[in-house]
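The values are calculated or read from the model by the stated rules, or taken from the named source; none is laboratory data. None of the values given here were measured: they were computed from a predicted structure. Using ideal geometry, Cβ is built from the backbone for each residue, glycine included, and neighbour counts are taken over all protein chains shown. Side chains included, ligands, DNA and RNA excluded: accessible areas come from the protein's heavy atoms. Shrake-Rupley method; radii C 1.70, N 1.55, O 1.52, S 1.80 Å.
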Amino acid sequence: FLETTAYFCMKPKMGEKEVSPHSFFSIWHEFSSDFKDFWKKENKLILQERVKEAEEVCRQKKGKSLYNIRPKHDSGIVSKNSSN
């Protein structure tokens, strides 16, 4: 624990000889909570961007027909009978 506090350059509060676990982990808890909140927001934004990109790709593919539709020709039995 002491090595970890030294690594993060934590200094004891006024009147204390050493950094207490409570003071260290209270700061660490705040940091990790904030980081988690920002992480969730950033992932939400990335997901929204990917959904927009996928919708755009879908719209572009719908614009291009994969098959051709030909007009119906009157060449069946019904058209021959109606022309008489």
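Look through E3, E42 and report the one residue that is loosely packed, with under 10 Cβ neighbours inside 10 Å, in a helix (DSSP H, G or I) and modelled with pLDDT of 85 or more. Steps first, please.
Details: E42 fails: loosely packed, with under 10 Cβ neighbours inside 10 Å.
Sole residue among the options that is loosely packed, with under 10 Cβ neighbours inside 10 Å, in a helix (DSSP H, G or I) and modelled with pLDDT of 85 or more: E3.
Name every residue in region 6-29 that is open to solvent by 90 Å² or more (accessible area, probe 1.4 Å), part of a loop (DSSP other than H, G, I, E, B) and among the aliphatic types (A, V, I, L, M), in order of residue number.
M14
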